[in-house]
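This report refers to the structure that appears directly beneath it.
Read the figures in this text as sums done on the coordinates, not as results from a lab. Just so you know, these numbers come straight off a predicted model, no measurement behind them. Here the Cβ is made from the backbone with ideal geometry for all residues, glycine too, and neighbour counts use every protein chain on show.
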Amino acid sequence: MSEASIGIFDSGMGGLTVMRALMARLPHESFVYLGDTARLPYGTKSGETVTRYAVQAAGTLMRRRVKLVVVACNTASAVALPALDAALAPTPVIGVVEPGAQAAVAAAPDGPIAIIATEGTVNGGAYRRAIHALAPNARVIQQACPLFVPIAEEGLIDSPVTRFTAELYLGKLFADMADRPRTLVLGCTHFPVLKNVIAHVAGPDVILVDSAATTADAVAKLLVERGLASEASKAPRHEFLATDSAERFARVGQIFLGRAIEPASVELVDLQDAG
C-alpha cells in the first residue's frame, strides 16, 4: 500500500476531466494536479517544445513525491511519453492516447473512427497508430479542432460561437450519410466539456469516446499490479498547481472538475527551471 499521491498534468484545465474520472474511480487516492496555464495550448507547438514542457511539468510533480504520473494531455501523450518514461523511471507514466484508442476500437472494431484533436495530436498520428495496432483494417479519419481548446478554457460550453465552431469543424465530417464515422474520439481532454454541442452536430447515431474513464481504469489496474494502491481508511488529499492565474484556474477549472475549487487552494509554480 502507498500513501503517496497520483500526479496529473495538462497544458491547462482540460486534464481536470481526467482527474474527475480518476476521483470517481479511485475515491481513496490522493491527487496532485498541475495545469501549465501560462503556456497553453500545447497542441499548436512543436513536438520538441511540448516534450520539454512535459518533462518540466512531470519534474515538478516528482518533487511532490508522486507514485505515478498521468499525462492528461493528448498532445503530450502523443509526443512526449518516451522522454517521460526515461526521465521518470522507475515511476510509472500513463498517457491518454492508448486507453482512448482501446475504447474506440471496442465501440467500432471496423470503423470508420473519427478523431478530433489538436493540431499536434493529429499531425503526430498517435491515435491512428494506436488504433491500427489493435484493428489494422479500421478506417481512421482525423480532424484538427484547435479553436475548441480556447473556447473550453473560456468556459463557453454552449454558446453561439461554440455551435458555429463545431459546425465548421464537424459539418463536412458527418455530412456523407453513406460513410459517416460510427465513433468519434474526443482526442483532447478539453473537449468533453463541449460534448453536448459536439454530439448535436455529430448526430445521435455516433458514439462519443472520452478517454478519461478508460484512463482511470488503466490507472486502477496499474496501482494494483504495482502494489501502489492507497488504503481505504486514509482521507484523500487533492492539490492543485498552476503556472498562471490561480483565480481563473479555480473559476474555470470547476467546469472541468465538476466541483468547486477554492482559489486559495491553487498554488502558483514556475516550471522554467524544472525538469
Original post:
Could you give the alpha-carbon Rg of the stretch 97-211 over 2.2 N^0.38 Å, rounded to two decimals?
Top reply: 0.98
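Just to verify a number: FRET efficiency for R251 and M62, C-beta to C-beta distance, R0 = 25 Å, to 0.05?
0.30
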**OP:** Have a look at L147, G171, I157 and report the one farthest towards the positive end of the charge dipole of the stretch 97-211, computed about the Cα centre with Cβ charges (Lys/Arg +1, Asp/Glu -1).
**Re:** G171
Original post:
lysines near K195 by alpha-carbon distance under 20 Å, same-chain residues fewer than 8 away left out - which ones?
Top reply: K172
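So how strong a dipole does the chain carry about its Cα centre when Lys and Arg Cβ are +1 and Asp and Glu Cβ are -1, to the nearest 20 debye?
On the way: 24 positive and 27 negative charges, 64 e Å.
The dipole magnitude comes to about 300 debye.
Relative contact order of the stretch 83-217, please, whole-number percent, based on alpha carbon pairs below 8 angstrom and at least 6 residues apart.
RCO, the stretch 83-217: 32 percent.
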Original post:
Using the count of nearby Cβ atoms within 10 Å as a rough guide to exposure, how do M19, M13, M62 rank from fewest to most?
Top reply: M62, M19, M13
Original post:
Arranged by the count of other C-beta atoms within 10 angstrom, fewest first, what order do H28, H190 take?
Top reply: H28, H190
Original post:
To the nearest 10 degrees, how steeply does helix 211-226 sit against the main Cα axis of the chain, on a 0 to 90 scale?
Top reply: 40
**OP:** Straight distance only, please: which lysines reach the Cα of K221 with their own Cα at less than 16 Å, same-chain residues fewer than 8 apart left out?
**Re:** K67
**OP:** Find the relative contact order for the chain and round it to a whole percent, using C-alpha pairs within less than 8 Å whose residues are 6+ positions apart.
**Re:** 28
Original post:
Under the classification rounded if a/c is under 1.5, otherwise prolate if a/b is larger than b/c and oblate if not, where does the stretch 1-41 fall, given a ≥ b ≥ c as square roots of the Cα gyration tensor eigenvalues?
Top reply: oblate
**OP:** Report, in degrees rounded to the nearest 10, the 0 to 90 angle that the Cα long axis of helix 246-257 makes with the longest principal axis of the chain.
**Re:** 60
**OP:** Return, ordered by residue number, the residues of the stretch 183-201 whose backbone nitrogen is under 17 Å from a label point located 7 Å along Cα→Cβ of R139.
**Re:** 183-185
Original post:
Does the chain classify as rounded, prolate or oblate by the C-alpha gyration tensor (a ≥ b ≥ c root eigenvalues; a/c under 1.5 gives rounded; else a/b over b/c gives prolate, otherwise oblate)?
Top reply: prolate
Original post:
On full extension of the chain, what length is gained from R237 through N196, given 0.36 nm per residue of separation minus the C-alpha to C-alpha distance?
Top reply: 11.7 nm
Original post:
So how tilted is helix 160-170 from the main axis of the chain? Cα-based, degrees 0 to 90, rounded to 10.
Top reply: 70
Subject >> Label point distance in nm, S46-R226, each placed 7 Å from Cα along Cα→Cβ >> reply: 3.1
Original post:
What distance in nm separates the simple spin-label points at L147 and A106, each placed 7 Å from Cα in the Cβ direction?
Top reply: 3.4
Original post:
Using 7 Å Cα-to-Cβ label points, what is the E262/E167 separation (nm, one decimal)?
Top reply: 4.4
